[in-house]
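First the structure, in the form of structure tokens, and then the observations on it.
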Amino acid sequence: KEVQALSDKLHPGDQLVLTGTDWKDARFVFAGHGTMEAPILIRPEKPGSVVFSGASGVTFYGEHLVIMGLEFRQVVPAKDKAAIFRLGAGRDRPADNCIVDRIRMENCNSPSPADWPRQKIWYMTAGFGRNNTVANSTFSGLRHKGQMIGAAELPPGQLQGLHILNNHFSDRPFLDGTNGYEIIQIGWSGERARAAGSLIAGNTFENCDGENETITLKASDIFVRNNTFAGCQGVLCLRTARRVLVQGNVFESKGRASTGGVRMQGEGHVIFGNTFRHLEKPRDYYYWPISLMSASVEHYGDHGDVQGYGRTMDVLIAGNRFEGCEDSIAVGLAYSKDYPLLPSNIHVCDNIFMGTTATTPFGFVVSDPTGALPKELHVSGNRFRR
């Protein structure tokens, strides 16, 4: 009640200091309006002292807020489609230019396993607003359907500019094989691959097995840079996206099966300077080190189609290292009467393939009855070492 009473009443440069330790069943919506020079700081009195539990849920909106040092442990979500931490309270109450730093969210689930597949939960939503940062935080142990960070909504007419930096995501178990258990989602089909201008960098994803898409990008103009995917039974999926830069990431199996790399549809992607390490032979098209999918329309959203996929085209795959992987690059997966458009203008150059007897960068190229696909694969400068 004290926090709620101070909502929308603090001035730039003020601090909201949370005291005590046991914040059980604490729910509030807090608005604040700081400035770049004098943000409003929300923090615990002592680092690590404020722990939310029970049926807790918090929402922050406004601008230039810095929210740091809060912990959420064994929070029991109150209802379906709940978010434990909301950054932004809807399109009419966004959060802009805010920083969320050093948050811990661990094992926040219903005690009943029966609730996990039927009750959708987000650890954090960060879609309403622009130029926000989530950094140096820990997200672990989510079992419900839903994302650890969900940012599906893009601000109307503006770039999202969400920065997800230097966080640790872990222990997302496989549950039932259905869709909706990603770690991070940016955009959704209704955004029609609109530009996001967001950055996912410096994060570690460890044992994140919820589904075949560890990260799903349904928006365009996103950088995914210098992240580590360790033993995750899933892939980075450029699903309904254009112009995504995937650079300097490490994808390694840690001895686990069904660990993959990058799967893509759409146009203008650059896959540069990544390392794919000891990835096993994929059991199906979900888990290749790199896979380029077939598509249903030339450009995503053509003819009002937001269910299918845009053609994979104008893609550069360069300067990557494949170390001891049992397979490499697949082209034209899921080709069928529903997905008849094969990749085009694909450049694969200057990659290194180590621990292999292969002499081509492609582990699979779908048979094209028209004979056009081989002419769309431009290969040069790749090196192969046993």
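The values are calculated or read from the model by the stated rules, or taken from the named source; none is laboratory data. Just so it is clear, the model here is predicted, and its values are computed rather than measured. Using ideal geometry, Cβ is built from the backbone for each residue, glycine included, and neighbour counts are taken over all protein chains shown. For the accessible areas, the whole protein counts, side chains as well, though only heavy atoms, and no ligand, DNA or RNA atoms are used. Shrake-Rupley method; radii C 1.70, N 1.55, O 1.52, S 1.80 Å.
Would you mind pulling out the separation of the Cα centroids of segment 3-23 and segment 218-243, in Å?
If you average the Cα positions of each part, the centres end up 36 Å apart.
Can you tell me the accessible area per residue over segment 1-74, all protein chains present, probe 1.4 angstrom, in square angstrom?
Per-residue accessible area for segment 1-74 comes out at 51 Å².
With the full set of protein chains in place, find how many percent of the accessible area of segment 139-294 is carbon and sulfur; take the probe as 1.4 Å.
So the carbon and sulfur contribution to the accessible surface is 49 percent.
First compute the accessible area of segment 24-79 with a 1.4 Å probe, then give the percent of it belonging to carbon and sulfur atoms.
The C+S portion of the solvent-accessible surface of segment 24-79 is 54 percent.
Any chance you could look up the accessible area of Thr370 with a 1.4 Å probe, heavy atoms only, rounded to 10 Å²?
Number for this one is 110 Å².
With unit charges on the beta carbons (Lys and Arg positive, Asp and Glu negative) and the dipole taken about the Cα centre of segment 257-386, which residue among Gly301, Phe322, Leu333 sits farthest to the positive side?
Ranked along the dipole, the leading option is Phe322.
Relative contact order for segment 259-375: what percent, with Cα pairs under 8 Å and sequence separation of 6 or more?
Normalised by residue count, the contact order of segment 259-375 is 29 percent.
Which order do peptides 274-280, 109-115 fall in by mean Cβ count within 10 Å, highest first?
Packing order, densest peptide first, comes out as 274-280, 109-115.
Could you pull out every Cys in the chain that lacks a partner Cys with its beta carbon under 4.7 Å away?
Cys98, Cys108, Cys237, Cys325, Cys349
Please give the per residue accessible area of segment 174-270, computed with a probe of 1.4 Å over protein heavy atoms only, in Å².
Accessible area per residue: 27 Å².
So, counting K/R as plus one and D/E as minus one, what does the shell of residues with Cβ under 10 Å around Val50 add up to?
-1
Please give me the summed charge of the neighbours of Asn136: other residues whose Cβ is under 12 Å from its Cβ, Lys and Arg +1, Asp and Glu -1.
Neighbour charge sum, excluding Asn136 itself: +1.
Can you return the lysines within cross-link range of Lys254? Criterion is Cα-Cα under 22 Å, with same-chain partners fewer than 8 residues away left out.
Counting by Cα, and skipping residues close in sequence, Lys254 has these lysines nearby: Lys281.
Determine the sum of side-chain charges near Asp350: Lys and Arg each +1, Asp and Glu each -1, restricted to other residues whose C-beta is under 12 angstrom from that of Asp350.
+2
In nm, to one decimal, how far is the modelled label at Phe174 from the one at Ala5, with both set 7 Å along Cα→Cβ?
Placing both labels 7 Å along Cα→Cβ, they lie 5.3 nm apart.
Suppose the Debye formula is applied to equal point scatterers at every Cα of segment 68-147; what is log10 I(q)/I(0) at q = 0.18, 0.19 Å⁻¹?
-0.75, -0.82
Rounded to the nearest 10 Å², what accessible area does Val76 show when all protein chains are kept and the probe is 1.4 Å?
Roll a 1.4 Å probe over it and Val76 shows about 60 Å².
Based on DSSP, what percent of beta bridges with both residues in the chain are antiparallel, to the nearest 5?
Beta bridges within the chain, antiparallel portion: roughly 0 percent.
Round to a whole angstrom and tell me the spacing of the C-alpha centers of segment 124-203 and segment 31-80.
First find each Cα centre; the distance between them is then 18 Å.
Give the label of the value calculated from the structure for Cα Rg over 2.2 N^0.38 Å, choosing from (1) 0.96; (2) 1.03; (3) 1.17.
(2)
Would you mind working out the accessible area per residue for segment 305-386, using a 1.4 Å probe, and quoting it in Å²?
Value returned for segment 305-386: 49 Å² of accessible area per residue.
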